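Chemist: Sharing a structure with you now.
No lab work stands behind these numbers, since they all come straight from the coordinates. The shown structure was predicted, so the numbers you read here are calculated from the model rather than taken from an experiment. Note that each Cβ is placed from the backbone with ideal geometry, even for glycine, and that neighbours are counted across all protein chains shown.
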Amino acid sequence: ASKPTKTLESHLYKIKSQAQLHPHRHNLSSKASLQQSLNPNSKMRPPLTGGRGGGGFSGGRGGGGFSGGRSGGRGRAGGRGFGDRGGGGGRSGRGMRGRGERGRNGRGAPGRGGMKGGSKVIVEPHRHPGVFIAKGKEDALVTKNLVPGEAVYNEKRISVQNEDGTKTEYRVWNPFRSKLAAAILGGVDNIYIKPGAKVLYLGAASGTTVSHVSDIVGPEGCVYAVEFSHRSGRDLVNMAKKRTNIIPIIEDARHPAKYRMLVGMVDVVFADVAQPDQARIVALNSSFFLKTGGHFIISIKANCIDSTVPAEAVFQSEVKKLQQEQFKPAEQVTLEPFERDHACVVGTYRAPKKTKVAA
């Protein structure tokens, strides 16, 4: 037999007696609570949207509700110059439809400071011809943009008004992304790369440093950029479409005979190939393309040559190898603090022997 249905009066009486026993469980003054008690199978409708997540690094957890809480507060602001990403958004609260969506990452505030163009920035020539120093809120190494209005790797550009009313655009040279810029700031005496020079650049990658070398040598000079990776080479070729003084060569620097018909005699060889047989690669290319009395710049990464011995010992052994290959190293500078365990060696190739003048 089915159980008799409860009458409304008996049900209300039961609720009142329970409310007296457990006053914290029932709030009879609330219409919603009474309705819930009358129909135990019905579910209370929660608020439509949850509370907002708290601020901070990742945002607090959102409140409960249909759509869960909104994502968290803004993350950490960007550092000077280059803005960091903000903290992650808060997690949405649990609502009636299961868990809400996860908050998205907040974006950091844009970096403060940095180079600002206009009359505040003064550009002065560096002791290396073709390189400049922009003095403003912060000092920066810059090169005169060969293609005004175009950035290569989203670097900052500075426009400076000349006395005759024309504007000159400079590109900021980031030493953390370029071994040559790090060597210049490290105090290297001479880079031998100057306006009108012909340069063979081994290990060009996507062309970050190559673009600045292209700025330095100018329209009268030429940069032969050799890169083995096809992916990096694609960026290099695209950049060379706008910079006519760059000749991209997608080839292995170990086999210079393969591109001997493309490259003429050069004044400077710059190498950043990070290979254990780096000295041999540079010597081979120099024998093909570097003129007698020409110069070389080699960036040495100690870990790539031998990671089991101290960096200083690696640099010493590389310099000895270079001396055996008719190179005459003149100076060595460390690339700290921009690169760890890196050094830059600069010198002359097949230096003509000085003849003593008879008295």
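Chemist: When Lys and Arg each count +1 and Asp and Glu each count -1, what net charge do the other residues less than 13 Å away from residue 341, Cβ to Cβ, add up to?
Modeler: Working: positive: 179, 301, 340; negative: 306, 312, 318, 336, 339.
Its environment carries a net charge of -2.
Chemist: How large is Rg over Rh for region 207-359, taking Rg from the Cα atoms and Rh as the Kirkwood inverse mean of 1/r across Cα pairs?
Modeler: Rounded to two decimals, Rg/Rh equals 0.99.
Chemist: ³J(HN,Hα) across region 191-201 via Karplus (A = 6.51, B = -1.76, C = 1.60, θ = phi - 60°), whole Hz, x for Gly/Pro?
Modeler: Those phi angles translate into 9, 6, 8, 9, x, x, 6, 10, 10, 9, 10 Hz.
Chemist: Of the listed peptides 283-294, 338-349, what is their order by residue-averaged count of other C-beta atoms within 10 Å, with the highest listed first?
Modeler: My ranking of the peptides, most packed first, is 338-349, 283-294.
Chemist: Another one. Could you give the length gained by full extension between residue 308 and residue 241, i.e. 0.36 nm per residue of separation minus their alpha carbon distance, to one decimal place? Before the final figure, lay out each step's value.
Modeler: Numbers: separation 67, 0.36 × 67 = 24.12 nm, distance 4.26 nm.
Contour length minus Cα-Cα distance gives 19.9 nm.
Chemist: State the extension gain, in nm to one decimal, for the chain segment bounded by residue 323 and residue 135, taking 0.36 nm per residue of separation less the distance between their alpha-carbons.
Modeler: 63.7 nm
Chemist: Under 5 Å between amide hydrogens, which residues at least 5 positions from residue 290 or on another chain qualify, with H placed 1.01 Å from N in the peptide plane?
Modeler: Those lying under 5 Å, H to H, from residue 290 are 266.
Chemist: When Lys and Arg each count +1 and Asp and Glu each count -1, what net charge do the other residues less than 9 Å away from residue 160, Cβ to Cβ, add up to?
Modeler: 0
Chemist: Please compare each pair in 167/291; 135/328; 135/167 to a cut-off of 27 Å on the Cα-Cα distance and tell me which ones are over it.
Modeler: Details: 167/291 37 Å; 135/328 36 Å; 135/167 17 Å.
Violating the 27 Å limit, Cα to Cα: 167/291; 135/328.
Chemist: Further, regarding this structure: Which entries of 198/321; 156/194; 179/258; 137/301; 156/258 have Cα-Cα distances beyond 31 Å here?
Modeler: Violating the 31 Å limit, Cα to Cα: 137/301; 156/258.
Chemist: Next question, about the same structure. Is the shape of region 203-281 best called rounded, prolate or oblate, per the rule: a/c under 1.5 gives rounded, else a/b larger than b/c gives prolate, else oblate, with a ≥ b ≥ c the square roots of the Cα gyration tensor eigenvalues? Working shown, then result.
Modeler: On the way: a/c = 1.56, a/b = 1.32, b/c = 1.19.
It is prolate, given that a/c is not under 1.5 and a/b is the larger ratio.
Chemist: With a 10 Å radius around each residue's Cβ, average the other Cβ atoms per peptide and rank 199-212, 321-334, highest first.
Modeler: 199-212, 321-334
Chemist: Turning to a different aspect of this structure: Give me, ordered by chain and number, the residues 5 or more places off residue 123 or on other chains with an amide H under 5 Å from its own placed amide H.
Modeler: Here the answer is 135, since their amide H atoms fall under 5 Å of that of residue 123.
Chemist: Using a Förster distance of 30 angstrom, determine the FRET efficiency expected from the C-beta separation of residue 351 and residue 316, and round it to 0.05.
Modeler: The computed FRET efficiency comes out at 0.90.
Chemist: Then there is this: Quick one: which residues, 5+ away or cross-chain, put their amide H under 5 Å from the amide H of residue 156? H built at 1.01 Å from N.
Modeler: 172
Chemist: I'd like the Karplus ³J(HN,Hα) series for region 161-167: coefficients 6.51, -1.76, 1.60, θ = phi - 60°, whole numbers in Hz, and an x wherever there's a Gly or Pro.
Modeler: 7, 7, 5, 7, x, 7, 10
Chemist: Related question: What FRET efficiency do you get for residue 231 and residue 185 if R0 is 25 Å and r is their Cβ-Cβ distance, rounded to the nearest 0.05?
Modeler: 0.30
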